[in-house]
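Worksheet: one structure, shown below.
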Amino acid sequence: MPSPEKIEILPVALLEQNRLLVAELKQLAASLNLKFGWHYLLDLCWIINQLGEVGGKAVMDAGAGVGTLQWHLASHGARVISVDRDSRAHLPARLRQRFHVRGLRGGEIPDLLPWRLAVVPNLRRLPGLKPRMAFLGRELASLLTPSRVPGEVLIYNQDLNDLRDLSDGSLDAVASLSALEHNSPEAVGEVVQELLRVLKPGGLLVATLGAAKEADWFHAPSKGWCYTEASLRRIFDLKDSVPSNYGDYDAHFAALRDCAELRDNLASFYYRSGDNGMPWGIWDPQYQSVGVCKQKRG
C-alpha cells in the first residue's frame, strides 16, 4: 500500500472536485452562524479528503477555535478532541445543544462552563439591548430545539505543545487547519512532536499551513508563518522521497489569485479590519495554503 505522506500546495480545483462537500460545509457553517477564512474551504476539502472515514474514530482538531472542522467531523460520527490555547468555556448554546459537547476537564477552571454561567458573559460582549435580546433569543431557541448528531466534541483549552491530559497513542488522527503557522519556527517542530505523541502508530497528522517559495517569512496581518518545502520536510521529518508539488508553486498561486469563487465570497469580518489575512476585504492573496500529511511510524 503506498504511503499517504505528501506535501501538497492546495489547488483551487479542489472546489470543483468536491462540490457536494463544499455545499455541505457552507450549509453547516451558515446554520451555526460561522464564517470561513478566505482560503478555508480549500483547507477543509483537502483535510477531510485525507482523513477519509472518521465514524467511530478519535480525531483531534488542533487549533480548533469554534471553527467548522470539528462540527463537520462530529456530524460524521467522530469523537473530536477540540484543542485551542484560547478558552471556549463560554461556548454558545447553538453549538453545545446541536452537538454532544462536554469539557475534557472539570475542576476549578473547567474546559466548558454550564450554559447558565456562560450566557451572561456572552451577552455582555454585545453592544446594546437589541443585539443582546436577539442573541438571547437564539440561545433559548437552541436550548428548546436541540438537534443531536452521532459524534461528540470534547473541549480542551490547552496549548498544543503541552497536551498533558492526553495519553500516548490515544488518537486515530490529528487534523490542524491553518493553526500550526501561528507558532514560531523555533517552536513549531516541538508542537508537531507533541501531536505525533498522542497519535496511534500508523495514524495520520494532517495539517494546512502557509506556503513560501524561497524563504520562510512572517505574514503580519494574519500573524502566521509561511514555510518552504525544505522547512516543512524538516518540521514534519519527511524524507526526500515524500512527494511534493512545490515545483508548480507559481502556477498554483496564479490560479488562486484568479479564483472568483473565493474572491467574491469573502467573509464580512475582512472588510472591518486591516489586521487579518485579507486586509480591508481587498482580494490580494499574499500566500497560499499547503497541506502536509505525516504518518506516525510504528
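Some values worked out for this structure:
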{"item": "Total residues in the range 3-33, condition at pLDDT 95 or above, hydrophobic (A, V, I, L, M, F, W, C) and in a loop (DSSP other than H, G, I, E, B)", "result": "2"}
{"item": "From Gly52, Gly106, residue being surrounded by fewer than 17 Cβ atoms within 10 Å (Cβ to Cβ) and over 30 Å from Leu256 (Cβ atoms)", "result": "Gly106"}
{"item": "Single match in Ala13, Ala58, Ala29, Ala23 (criterion: of a type outside the set (Phe, Trp, Tyr) and more than 16 Å from Glu261 (Cβ to Cβ))", "result": "Ala58"}
{"item": "Any pair with Cβ under 8 angstrom, 6 or more apart, that starts in the range 150-165 at a residue that is over 15 Å from Val66 (Cα atoms) and open to solvent by 30 Å² or more (accessible area, probe 1.4 Å) and ends at one that is assigned to a strand (DSSP E or B) and not small (Gly, Ala, Ser)", "result": "Asp165/Tyr156"}
{"item": "Positions within the range 1-14 being surrounded by 17 or more Cβ atoms within 10 Å (Cβ to Cβ) and in contact with a helix residue (DSSP H, G or I) (Cβ under 8 Å, 6 or more places away or on another chain), in sequence order", "result": "Ile7, Glu8, Ile9, Leu10, Pro11, Val12, Leu14"}
{"item": "Hits in the range 75-100 (condition: open to solvent by 10 Å² or more (accessible area, probe 1.4 Å), under 20 Å from Pro150 (Cβ atoms) and of a type outside the set (D, E, K, R))", "result": "Ser75, His76, Gly77, Gln97, His100"}
{"item": "Every residue from the range 55-74 that is open to solvent by 20 Å² or more (accessible area, probe 1.4 Å) and out of contact with any Lys or Arg (no Cβ under 9 Å at 6 or more places or on another chain)", "result": "Gly55, Gly67"}
{"item": "Unique match (being in a loop (DSSP other than H, G, I, E, B), within 30 Å of Ser273 (Cα to Cα) and modelled with pLDDT under 95) among Ala89, Ala64", "result": "Ala89"}
{"item": "Matching residues, the range 92-106, being among the basic types (Lys, Arg) and assigned to a helix (DSSP H, G or I)", "result": "Arg94, Arg96"}
{"item": "Helices (runs of 4 or more DSSP H) completely within the range 189-285 that count 2 or more residues being without any contact (Cβ under 8 Å) to a residue 60 or more places away in the chain, open to solvent by 50 Å² or more (accessible area, probe 1.4 Å) and over 25 Å from Gln17 (Cβ atoms)", "result": "229-235"}
{"item": "Output for the range 7-20, where each listed residue is more than 16 Å from the chain's Cα centre (by Cα) and among the aliphatic types (A, V, I, L, M)", "result": "Ile7, Ile9, Val12, Ala13, Leu14, Leu15, Leu20"}
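The values are calculated or read from the model by the stated rules, or taken from the named source; none is laboratory data. Given the structure is predicted, the values throughout are model-derived calculations rather than measurements. Note: ideal-geometry Cβ built from the backbone for every residue, glycine included; neighbour counts use all protein chains shown. Calculation scope for accessible area: heavy atoms of the full protein, side chains included, ligands and nucleic acids excluded. Shrake-Rupley method; radii C 1.70, N 1.55, O 1.52, S 1.80 Å.
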